Ligand code: TXA
Ligand code: MG
């Protein structure tokens with residue numbers, strides 16, 4: 001692919017928003033911050049732009065994209081909402097929730113973006129920069145996380161630049177993101193299913209539904225071998241360095257990814273230590289997760305030992321990403 005493109009980086013603001021909307025309208029690729037992670041946006045109705053997007057990310061074409069829209073009214077032009085889907089949208093949009101829904105009859109999202117499925121993933125992001133760009137563009141913007149496929153998701157403009165410079169047209173720098181893990185994905189079929197844990201907790205969703213949320217099996221496959229949520233592919237978030245989970249000790253030459261104030265045996269053996277949250281705050285840990293994994297991955301450690309992290313609240317999403325990181329990229 002073309003890698004000698006000049007990638008422009010602009011600080012978020014009115015001028016950057018107008019430039020971003022113009023680049024999208026011309027079929028270009030624009031990375032911008034959302035509250036969860038940075039996204040790589042393209043015009044949802046422009047198949048050629050979407051083809052370039054898959055190429056820039058090196059993403060398998062069977063992995064469909066999320067359409068980002070300004071509000072529920074725009075979402076209802078794209079997908080069909082039943083009562084439960086409406087309740088979730090009204091409770092959590094704008095915010096870190098993606099709904100997978102049946103496509104509306106005249107769904108304007110290109111087939112390439114939904115990978116030929118008869119469902120479409122939609123979300124209304126809460127980040128001001130993302131919202132301004134979508135409104136200025138005036139249509140749906142498909143945006144996967146703005147990283148090379150298989151790398152951890154970017155939480156700063158710098159991460160995006162490191163992965164995609166020379167491959168995309170524009171990066172809007174809005175500073176580090178707030179949430180740090182991707183949106184929670186819920187499939188709204190007859191019974192809502194948790195397809196990907198993320199920045200909105202299962203407990204919050206169950207409170208609104210009034211009943212427990214089903215979980216999709218980790219490597220769920222739909223009809224015809226299509227993954228139900230292809231992002232559930234085990235190796236999706238793997239750094240190069242092997243990851244060792246639930247570490248209660250440190251081996252010589254390992255990096256340590258710590259959590260809270262608990263101690264591990266032989267901590268002095270660690271070549272480097274980063275603590276996701278000294279105070280044991282899962283929201284702080286989520287915000288730090290991908291950035292710390294990237295930093296530790298650069299230290300040429302034998303492995304990254306990760307201390308146990310509680311599985312409640314945002315811990316479910318954090319542990320999900322860590323398990324994927326531990327599977328290893330060469331098993332993709
Ligand atoms: O927080 C987020 O969701 C970020 C920001 C940029 O919005 N986006 C993001 O996109 O994480 P991406 O492409 O990295 O992950 C989208 C996930 C993939 O796992 C994909 O398989 C799943 O959504 N997905 C998209 N359309 C789907 C569909 N129709 N059915 C099931 N899963 C779908
Ligand atoms: Mg991604």
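The values are calculated or read from the model by the stated rules, or taken from the named source; none is laboratory data. What you see is a predicted model; the values in this text were computed from it and never measured. Cβ sites come from the backbone with ideal geometry, for glycine too, and all protein chains shown count toward neighbours.
Summary table
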{"item": "Some residue of segment 97-111 being assigned to a helix (DSSP H, G or I), touching a residue at least 24 places away in the same chain (Cβ under 8 Å) and under 20 Å from residue 19 (Cα atoms)", "result": "no"}
{"item": "Condition met for residue 176 (away from ligand 2 (no atom under 16 Å from the Cβ), assigned to a loop (DSSP other than H, G, I, E, B), closer than 22 Å to residue 321 by Cα and touching a residue at least 60 places away in the same chain (Cβ under 8 Å))", "result": "yes"}
{"item": "Members of segment 150-180 found to be modelled with pLDDT under 95 and either in contact with a strand residue (DSSP E or B) (Cβ under 7 Å, 6 or more places away or on another chain) or near ligand 1 (Cβ under 9 Å from one of its atoms) (or both), listed by number", "result": "153"}
{"item": "Residue within segment 276-284 that is closer than 14 Å to residue 243 by Cβ, modelled with pLDDT under 95 and in contact with a strand residue (DSSP E or B) (Cβ under 7 Å, 6 or more places away or on another chain) present", "result": "no"}
{"item": "Unique match (being under 22 Å from the mean Cα position of the chain (by Cα) and either part of a helix (DSSP H, G or I) or surrounded by fewer than 16 Cβ atoms within 10 Å (Cβ to Cβ) (or both)) among 75, 70, 18", "result": "75"}
{"item": "Matching entry among 54, 38 (being closer than 29 Å to residue 171 by Cβ, in the same structural domain as residue 189 (by TED's automatic domain parsing), surrounded by fewer than 23 Cβ atoms within 10 Å (Cβ to Cβ) and touching a residue at least 24 places away in the same chain (Cβ under 8 Å))", "result": "54"}
{"item": "Matching residues, segment 118-148, being more than 16 Å from ligand 2 (Cβ to nearest atom), out of contact with any strand residue (DSSP E or B) (no Cβ under 8 Å at 6 or more places or on another chain) and not in a helix (DSSP H, G or I)", "result": "126, 138"}
{"item": "Conditions (1) part of a helix (DSSP H, G or I); (2) surrounded by fewer than 17 Cβ atoms within 10 Å (Cβ to Cβ); (3) at pLDDT below 95: number failed by residue 91", "result": "(3)"}
{"item": "Conditions (1) within 23 Å of residue 155 (Cα to Cα); (2) within 15 Å of ligand 1 (Cβ to nearest atom); number of the one not met by residue 43", "result": "(2)"}
